[in-house]
Every structure is written in C-alpha cells, then in structure tokens.
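Comments concern the structure below.
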Amino acid sequence: MWTESNNSLEQSFLFSDFNEAFSFMTRVALYAEQINHHPEWSNVYNKVTIRLQTHSVGNKVTELDWAMARFIDKIYLR
C-alpha cells in the first residue's frame with residue numbers, strides 16, 4: 001500500500017533475492033523512460049523502496065505519480 005506524506009508517495013517492495021529485485025527495478029525503469037517520469041528509489045539486496053513525486057509542479061503528488069504507482073503495483077503483483 002502506497003503511503004502519501006510530505007508531498008510524495010512511498011512504498012517498499014520485498015523480493016526473494018537481489019536478482020528478482022533488480023529485475024523489478026529494470027521493468028520500472030523502462031516504463032519510467034516511456035512516460036518521462038522517474039522515481040527516487042533505493043535498493044538493498046531484496047528490498048526496493050520507491051518514492052514518487054512530480055518535480056515539474058513543485059514536488060507534489062499528481063495523477064502521473066498515481067499512474068506510475070498503479071503500474072508498479074501491477075508488475076509487483078504478477
């Protein structure tokens with residue numbers, strides 16, 4: 001579940017290992033390039049934490065962030 005606070009959406013995702021986490025990040029990165037909306041994120045072994053906000057409107061949460069969050073949820077739940 002995404003948490004909205006401090007003008008951003010944030011969620012952490014757990015995977016079985018680093019390879020699975022990195023594969024997930026790659027899929028997110030390719031989508032981010034397509035829509036020109038890039039997340040702030042970190043990865044430690046099997047955990048990926050993603051933070052979304054739209055910088056072009058003053059670092060606020062917009063529909064673009066929610067669309068990215070829905071895409072991320074969709075590929076994570078597969």
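The values are calculated or read from the model by the stated rules, or taken from the named source; none is laboratory data. Note that the structure is predicted; figures quoted are calculated from it, not measured. So basically every Cβ, Gly included, is an ideal-geometry build from the backbone, and we count neighbours across all protein chains shown.
Within the set of pairs 6+ apart or on separate chains, which have a first residue in the stretch 1-17 that is without any contact (Cβ under 8 Å) to a residue 60 or more places away in the chain, a second that is assigned to a loop (DSSP other than H, G, I, E, B) and not polar (S, T, N, Q), and C-beta atoms under 9 Å apart?
Between residues of the stretch 1-17 that are without any contact (Cβ under 8 Å) to a residue 60 or more places away in the chain and residues that are assigned to a loop (DSSP other than H, G, I, E, B) and not polar (S, T, N, Q), the close pairs are Glu4/Val61; Asn7/Gly58; Asn7/Val61; Ser8/Val61; Glu10/Trp2; Phe15/Tyr45; Asp17/Tyr45.
Of the residues Ser16, Ser56, only one is polar (S, T, N, Q), outside any strand (DSSP E or B) and either modelled with pLDDT under 95 or in contact with a His (Cβ under 9 Å, 6 or more places away or on another chain) (or both); which?
Ser56
Give the residues of the stretch 36-78 that are crowded, with 17+ Cβ neighbours inside 10 Å and among the aliphatic types (A, V, I, L, M), sorted by residue number.
Val48, Ile50, Leu52, Val61, Met68, Ala69, Ile72
Quick test for you: out of Leu52, Leu30, pick the one residue that is within 17 Å of Ala67 (Cβ to Cβ) and out of contact with any helix residue (DSSP H, G or I) (no Cβ under 6 Å at 6 or more places or on another chain).
Leu30
Could you tell me which residue of the stretch 1-35 is surrounded by the most Cβ atoms within 10 Å (Cβ to Cβ), considering only residues that are over 16 Å from Val61 (Cβ atoms) and among the hydroxyl-bearing types (Ser, Thr, Tyr)?
Tyr31
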